[in-house]
Structures are given as structure tokens and as C-alpha cells.
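Take a look at the structure below.
The values are calculated or read from the model by the stated rules, or taken from the named source; none is laboratory data. Keep in mind it's a predicted model, so treat the numbers as computed, not measured. When we count neighbours, we look across all protein chains shown, and the Cβ atoms used for this are built from the backbone with ideal geometry, even at glycine. For the accessible areas, the whole protein counts, side chains as well, though only heavy atoms, and no ligand, DNA or RNA atoms are used. Shrake-Rupley method; radii C 1.70, N 1.55, O 1.52, S 1.80 Å.
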Amino acid sequence: KAAPKKEQKTILPRLYKPNVFKLFFQNLFKMRLEEGAVITYRKHWFVLFQQVFLPSLIFLGLLGLLIARLVTLMTNPNLGIIQTMADGSRGIDTIAVSLPLLMIPVIGWWIYQYIDWTNDIFRVTGDQILDIDRKPFGTEERRAAPIDNILSTRYERLGFLGYILNFGTVYIDVGSTQFAFEDVLDPAGVQSDVDSRRLARISGKKDAERTAERNRMADWMASYHQNVDEIRREQELKNARSKTE
């Protein structure tokens with residue numbers, strides 16, 4: 001009697017699902033984001049540092065005071081987070097409670113500055129450039145221009161920090177209007193991205209024009225041969241009629 005065959009289990013490959021939180025933290029301070037044909041530039045992290053410097057300093061100051069107060073409360077036997085008042089009632093130390101409450105608006109200020117930094121972006125697509133400045137919970141300014149109309153591009157890095165940290169401004173002349181991608185990382189690379197997209201756009205348009213011209217010629221040739229065939233048939237009919245007469 002033949003032994004029963006063992007069933008073979010088919011193991012399907014697991015599909016990779018990107019972690020949303022991982023992607024979020026990967027792009028948290030990224031200054032160049034590329035998704036398909038769209039490249040998005042944020043300002044250099046040094047600009048973010050300038051915007052969050054004051055709220056960060058105040059937050060660290062409040063945090064230091066809070067830590068110092070907690071250390072004092074833990075090391076002094078006459079003090080405690082929960083204290084007994086003169087009238088016998090018990091209450092929480094006012095300073096230990098007030099400092100965390102003061103830190104909340106400072107954290108909100110820091111987050112506002114970060115969102116403001118992420119919302120000030122420059123974007124290059126396959127057919128246009130965009131300068132977008134959107135205030136958190138406020139207005140949005142949006143400028144766009146066709147990439148075909150770009151006349152020239154140039155960049156500059158200003159000051160010692162601009163050269164050391166490799167950031168600067170890319171100027172793009174579009175007709176009588178000038179776009180300025182300010183404080184972007186690697187301005188030479190940004191200029192190269194814009195120029196390559198412009199050249200690709202021009203090349204694509206030329207290819208499309210050549211294809212359209214070839215199609216027109218093919219249609220003309222087909223129409224010409226069709227007319228020639230019709231003229232020949234008509235001539236043959238005339239000749240046949242003349243012979244019968």
C-alpha cells in the first residue's frame with residue numbers, strides 16, 4: 001500500500017507594510033522629500049533652530065527650575081510635594097505645580113514654530129515650480145509658474161554659515177517674475193533639479209511635436225494614396241466606358 005502523500009503548504013511572501021510612525025519620524029526634519037515626480041524642499045534646519053531657539057531656551061529653563069524644586073522637596077525633610085498648612089489642611093506645593101503648567105504653552109509655541117517651518121516649502125513638479133507659505137491656522141500664500149517659462153537659474157550662499165552648512169538661495173527667473181527658493185540645503189543641487197526638470201520638459205515637448213508631425217505625415221500619405229487609388233479607379237472606369245462606346 002502506497003504511503004499517503006504529505007500535503008505541501010504554500011507559503012506566500014508577506015507584503016511589506018511601511019510603519020506610519022517610522023515614516024513620520026524619518027521625514028520629521030528632512031529638508032528634501034521626493035515622491036514620484038514631485039520634489040519638495042524645506043528650509044535648512046538652521047532656520048528651524050532660529051525659530052525654536054527662544055521657546056527651547058525657556059522650556060529648558062523651566063525644566064531646570066522644576067528639577068531643582070523636586071530635588072529640594074525630596075532632600076529637605078521639612079518640605080514635600082504634599083504639604084500641611086498652618087490650619088491643618090493639606091495641599092500640593094505651588095511651585096511644583098505651577099512650573100509644569102507654565103511649560104504647556106511653551107511646548108505649544110515650539111510646536112507652532114516647527115509647523116510653520118514645515119509649511120514654508122518649495123516644490124518642483126514635472127511641469128511647474130511652486131512657492132508655498134502657509135501659516136499654522138492662518139492664511140496660505142501660493143505662487144506657481146510653468147517650468148517651460150523659466151529663463152535662467154542661479155544660486156548663492158551668503159556668509160560663513162552658508163558655506164559651512166551648505167545652504168543658500170536659488171533664484172529662478174520666470175518671464176518678468178523671479179522666484180527665490182530661500183535657505184535651502186545644497187542650493188547647487190536644487191538648481192540642478194530645476195534645470196534637469198526644465199530640460200526634460202523641453203525634450204518631452206519636442207518629442208511630442210516630432211511624434212505629432214510624423215502622425216500628420218502618415219495621415220497625409222495615407223490620404224494621398226487613397227486619393228490616387230480613387231483617381232486611378234475613376235480613370236479606369238472612364239477608359240472602360242469609352243471602349244464600350
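Remarks
- Among the residues here, residue 56 does not qualify as of a type in the set (S, T, N, Q), open to solvent by less than 60 Å² (accessible area, probe 1.4 Å) and at pLDDT below 95.
- Tabulated pairs, the range 172-187, first within 17 Å of residue 120 (Cα to Cα), second small (Gly, Ala, Ser) and crowded, with 20+ Cβ neighbours inside 10 Å, C-beta under 6 angstrom, 6+ apart or interchain: 187/168
- Filtered residues of the range 9-53 (kept if more than 19 Å from residue 115 (Cα to Cα) and either modelled with pLDDT under 55 or touching a Ser or Thr at 6+ places or on another chain (Cβ under 7 Å) (or both)): 9, 10, 11, 12, 13, 14, 15, 16, 17, 18, 37, 38
- Residue selection: residue 241 fails the criterion of being modelled with pLDDT of 75 or more and surrounded by fewer than 13 Cβ atoms within 10 Å (Cβ to Cβ).
- Restricting the range 114-153 to residues that are part of a strand (DSSP E or B) and polar (S, T, N, Q), the residue that is surrounded by the most Cβ atoms within 10 Å (Cβ to Cβ): 153
- Selection within the range 194-223: residues that are surrounded by 17 or more Cβ atoms within 10 Å (Cβ to Cβ) and out of contact with any Ser or Thr (no Cβ under 6 Å at 6 or more places or on another chain). The member of this set that is farthest from residue 132 (Cα to Cα) is 201.
- Residue, modelled with the highest pLDDT, within the range 65-88, restricted to residues that are among the small types (Gly, Ala, Ser) and surrounded by 11 or more Cβ atoms within 10 Å (Cβ to Cβ): 68
- Residue within the range 186-200 that is at pLDDT 75 or above and in contact with a His (Cβ under 9 Å, 6 or more places away or on another chain) present: no
- Within the range 48-76, residues that are without any contact (Cβ under 8 Å) to a residue 24 or more places away in the chain reach partners that are assigned to a helix (DSSP H, G or I) with beta carbons closer than 8 Å, at six or more positions or on different chains, in the pairs 73/96.
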